Amino acid sequence: MASKQSDHKSIGAFLRRVEESLDDNRVADVEKRHAKGYRTARENLDHLVDQGSFVEYGQFAIAAQRNRKSSDELKSKTAADGVITGLARINGDIFGESQTQVAVIINDYMSLAGTQGFFHHQKIDRMLEVVAEKSLPVIMYTEGGGGRPGDTDVTTQIAGLNISTWLVWSQLAGVVPRIAVNNGYCFAGNAALFGGADICIATQSSCIGMAGPAMIEGGGLGSFAATDIGPTDVNSKNGVIDIVAADEAEATMLAQQVLSYFQSPQGDWSAADQSMLQSTMPDDRRYTYDIRKLIELLVDTGSFIELQQQHGKTMVVGFMRIEGHPFGLIANDNRVLGGAVDATSAVKAAKFLNLCSSFSLPVVSLCDTPGFMVGPDSEAEGAARKMAEFFTVGANLRSPLVCIFLRKAYGLGAMAMAGSSFVKPVYSAAWPMGEFGAMGLEGAVKLGFKKELEEQQGEAREVLFNELVSKMYEAGKATEAAAYLEIDAVINPKETRSVIINSIGLH
């Protein structure tokens, strides 16, 4: 009888200890969190993972501050030492349980402002070891104030810089997909983890910087409010943030969707009437059109997620599906610099192609470009080096590439869009309005026929110029390029989806 009573006491003590680590034991902090319109770490966890699938690591950890705070205070104020770690399934209802296990790391701002303490790091390091061993995708919520100086129980280190958190996180690049989600303040070490992810999702209320106000002021660099440091409107334009979400709920749903592209083809899909693609292009080649509307027509309904929309605006990059199969996509936006590839967009495209290559995602390139952006301002941005990187990554792309030439395909910029050469894609096809040349038609005429044009005056010069442009256009039409075997085919726009699927062999 005594043994049974002892067992009951043990179970009761255990259950109380579990409760102490949950939100119900932190009512004041939860209310404060909700007052800001934010969710708790465990609320984000519950939304993110499949119900009943989470296996937690290190739930009973508390901050290494036992010599300065009571046990009850540490359990309440530093539950799980500020980070929830574990394994779970995400999207199991879509792809099945066997393909959907994921590692989850969620920093908890209610525990000492999400700062990184001794056991906090040990928990993340343990989780990343499991990630590396099992080759699992990882989703990390990064909100937090960076390193924590108050863990006074730790007496066996000076600077504490011999930890492996950033080492292993960085070594996982190209090995497993790493998705970071942020809401609120994310400074110092937390920001280094956020920026090191493959895909970075942040809410409108995020502030992300490599140092918080105290560190900046301590360095003699002035006094700033936390909201002045790396707000979303800045970080979405400079490329730090890939996807901007309204709030944590949307950010979590976006993380689930982004993860899905690395998991499996999707069985259920629908698409728009593909004959609508035949009327997306303006009749006059000088007019612009909305490339995003064209993409939405082409891909499976609701499957396109764009990355870095406010950064490198001449290029559109993102994930999509065709007949349920996941793809990466790059496209020129003809409404910005005519679709010319500038230095910033070249880096943006190269980074994205590298990601697709690492995880065997096929790539579709929708090319409509007059070439690389030129001029003194472009060179001041490091164009030669950055544009060459676009070539390098494209040439070494390990996943299949299909290039569809929507309209303009001129010069080195068009070659870069095709993976460095028109011979790189597994299939290169143009729509009937496609046009090709070593450089833009207008520039080619001005350069190649400079003497003839100078011999004419006023309206006569304009007439001659237009005649020469028209001749060059006829010579460089898609059907002529196909006749010379510089591309593989000219296709009806409505056949684009089937051409992509069949050329890669996904049926």
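Readers should treat all values here as calculations from the given coordinates under stated rules, not as data from a laboratory. Here the structure is a predicted model, which means the values were calculated and not measured. Using ideal geometry, Cβ is built from the backbone for each residue, glycine included, and neighbour counts are taken over all protein chains shown.
Principal-axis analysis of the Cα atoms of the chain puts helix 2-20 at an angle of about 40° to the longest axis. Which aspartates and glutamates, on any chain, are close to Lys408 with Cα under 17 Å apart, when same-chain ones fewer than 8 places away are left out? Straight-line reach from Lys408, under 17 Å: Asp283, Asp284, Asp290, Asp333, Asp342, Asp368, Glu435, Glu442, Glu474, Glu480, Glu486, Asp488.
For the chain, what is the calculated [θ] at 222 nm in deg cm²/dmol (nearest 500), taking -39500 (n - 2.57) for each run of four or more DSSP H residues and dividing by its residue count?
-11000 deg cm²/dmol
Charge tally for Phe54 (other residues, Cβ to Cβ under 12 Å; Lys, Arg +1; Asp, Glu -1): -1.
Give the peptides 15-26, 280-291 in descending order of average Cβ contacts within 10 Å, highest first.
Packing order, densest peptide first, comes out as 15-26, 280-291.
Distance from the alpha carbon centroid of segment 22-43 to that of segment 286-355 works out to 38 angstrom.
At R0 = 60 Å, how high is the FRET efficiency between Ser223 and Tyr287 if r is their beta carbon distance? Nearest 0.05 is fine. Calculated value: 0.70. Relative to the longest principal axis of the Cα atoms of the chain, helix 383-395 runs at roughly 80 degrees.
When the C-alpha to C-alpha distance is required to be over 26 Å, the pairs from Lys293/Lys446; Lys348/Lys494; Lys77/Lys237; Lys293/Lys348; Lys293/Lys386; Lys36/Lys77 that qualify are Lys293/Lys446; Lys348/Lys494; Lys77/Lys237; Lys293/Lys386.
Sequentially through segment 282-299, phi angles give Karplus couplings (6.51, -1.76, 1.60; θ = phi - 60°) of x, 5, 8, 5, 8, 8, 9, 8, 8, 5, 5, 5, 5, 4, 4, 5, 6, 8 Hz, Gly and Pro residues having no value and appearing as x.
Other residues whose C-beta falls under 12 angstrom from the C-beta of Leu297 contribute a net charge of 0, scoring Lys and Arg +1 and Asp and Glu -1.
For the chain, just say rounded, prolate or oblate: build the C-alpha gyration tensor, square-root its eigenvalues into a ≥ b ≥ c, call rounded for a/c under 1.5, and beyond that prolate if a/b exceeds b/c, oblate if not. Since a/c reaches 1.5 and a/b is larger than b/c, the shape of the chain is classed as prolate. Electrostatic tally near Cys356: other residues with Cβ closer than 11 Å to its Cβ, Lys and Arg +1, Asp and Glu -1, net +1. Each DSSP beta bridge with both residues in segment 2-260 is either parallel or antiparallel, and the antiparallel ones are about 35%.
Placing a pseudo-label 7 Å from each Cα along the Cα-to-Cβ vector at Leu167 and Leu485 gives an inter-label distance of 5.4 nm. For the pair Val55 and Ser279 in one chain, pulling the backbone fully straight at 0.36 nm per residue adds 75.5 nm over the alpha carbon distance. For Lys494, Lys123, Lys75, Lys408, the sequence from fewest to most other C-beta atoms within 10 Å is Lys494, Lys75, Lys123, Lys408. For segment 82-153, averaging the sequence separation of C-alpha pairs within contact (under 8 Å, six or more residues apart) and dividing by the residue count gives a relative contact order of 37 percent. Using the charge dipole of segment 201-329 (Lys, Arg: +1 at Cβ; Asp, Glu: -1 at Cβ; taken about the Cα centre), state which of Pro282, Ala202, Gln309 has its Cα farthest towards the positive end. Comparing the listed Cα positions along the dipole, Pro282 ranks first. Close amide H pairs (under 5 Å, H built 1.01 Å from N) link Val83 with Asp108, residues at least 5 positions away or on another chain. Of all DSSP bridge pairs formed entirely within segment 402-507, close to 10 percent run antiparallel. Counting beta carbons within 10 Å around each of Tyr484, Tyr261, Tyr57 and listing the fewest first gives the order Tyr484, Tyr57, Tyr261.
Neighbour counting of Cβ atoms within 10 Å sorts the residues His34, His121, fewest neighbours leading, into His34, His121. Most simply put, the chain has about 40% antiparallel DSSP beta bridges, counting only bridges with both residues inside it.
Between the helical axis of 248-260 and the dominant principal axis of the chain, each derived from Cα atoms, what acute angle in degrees is found, rounded to the nearest 10? On a 0 to 90 degree scale, this one is about 60.
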